[in-house]
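Visitor: This is the structure I want to talk about, given as structure tokens.
The values are calculated or read from the model by the stated rules, or taken from the named source; none is laboratory data. Just so it is clear, the structure is predicted and the values come from calculations on it, not from any experiment. A quick note on method: Cβ atoms are made from the backbone with ideal geometry, for glycine too, and the neighbour counts reach across all protein chains shown. Note: accessible area is taken over every heavy atom of the protein model, side chains too, but ligands, DNA and RNA are not part of it. Shrake-Rupley method; radii C 1.70, N 1.55, O 1.52, S 1.80 Å.
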Amino acid sequence: METAGPGGIVVETLPSDGKTLDEVAVVATEAFADDPFFCFLNPNVTLRRRGLAIYWRAAVGALGERGLTLGVRREDGRLIGAAAFVRPGCYPLPAMAQLRQAGAAFWALVTRPAAIVAGTKYLLAIDQSHPHEPLWYLQLLVVDPPAQRLGVGAALQEHVFRLADREQVPSYLETQKADNLAYYRRFGYETVDELHPVKKGPPLWTMRREPRRP
């Protein structure tokens, strides 16, 4: 299914086949390659990029029918943006899906045992802070760096905002970058909490968007 987002950007629903998951992993790797949070977990750029690809391929693939993955492509078909949501009432994921994501996190950080401990603390904090109510959970939003600030991220989000507003369901996310707080506020998100799962690690912020009335 395809829909037109802001600026006429075409948003498509992505399948969960191996080829598409590889494409999503590539975009996520490029988007997060220099992210301070992931640099903290793994300062080695080669190993960090390897770990990002492993983790996000599995994390998105584990969503299955409980998730909704959207994408934006260039005219030549290359994926330049992706968003992965957990549908309302579908969090937490089934045990096998959680094991798949946890296993991917282990293999992504296997070369740095200390990072496995830190990463586990972050994941536990995310789970403990997650609201116990139906909502649209934005697990991943990534745009290829050359395509950033062109409205791709907005188009990917607006697709779900229309559903959230129609269903009168909140939206929720976590972000590890302070710069993202102002960005998400543009779409109606407000900061809920600032988490510090690791003493010397970067914080995480949780954010929530209330549905807008028609």
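Visitor: Carbon-plus-sulfur fraction of the accessible area of the chain, 1.4 Å probe, in percent?
Guide: Of the solvent-accessible surface of the chain, carbon and sulfur hold 56 percent.
Visitor: Select from GLN168, GLN176, GLN128 the residue whose mean-square fluctuation is largest in a Gaussian network model of the chain (Cα-Cα springs shorter than 10 Å).
Guide: GLN128
Visitor: While we're looking at this one, here's another question. Relative contact order (percent) for the stretch 31-149, with alpha-carbon contacts under 8 angstrom and 6 or more residues of separation?
Guide: It comes to 33 percent, rounded to a whole number.
Visitor: Taking only C-alpha pairs under 8 Å that are 6+ residues apart, what is the relative contact order of the chain in percent?
Guide: For the chain, the relative contact order is 22 percent.
Visitor: Further question: Under a cut-off of 16 Å between alpha-carbon atoms, report the lysines in cross-link reach of LYS177, not counting same-chain residues fewer than 8 places apart.
Guide: Partners found: LYS200.
Visitor: Another question, then. What's the longest piece of the chain with no exposed trypsin sites (Lys or Arg not before Pro), counting a site as exposed if DSSP puts it in a loop and it has at most 15 other beta carbons within 10 Å?
Guide: Maximal segment without exposed cleavage sites: 1-73.
Visitor: Keeping all protein chains in place, calculate the accessible area per residue for the chain (probe 1.4 angstrom), answer in Å².
Guide: Here the residues of the chain average 50 Å² of exposed surface.
Visitor: Right, something else. Quick one: work out the % antiparallel among DSSP beta bridges in the chain, nearest 5.
Guide: 90 percent
Visitor: With springs connecting C-alpha atoms under 10 Å apart, model the chain as a Gaussian network and identify which of VAL86, VAL27, VAL117 has the largest mean-square fluctuation.
Guide: VAL117
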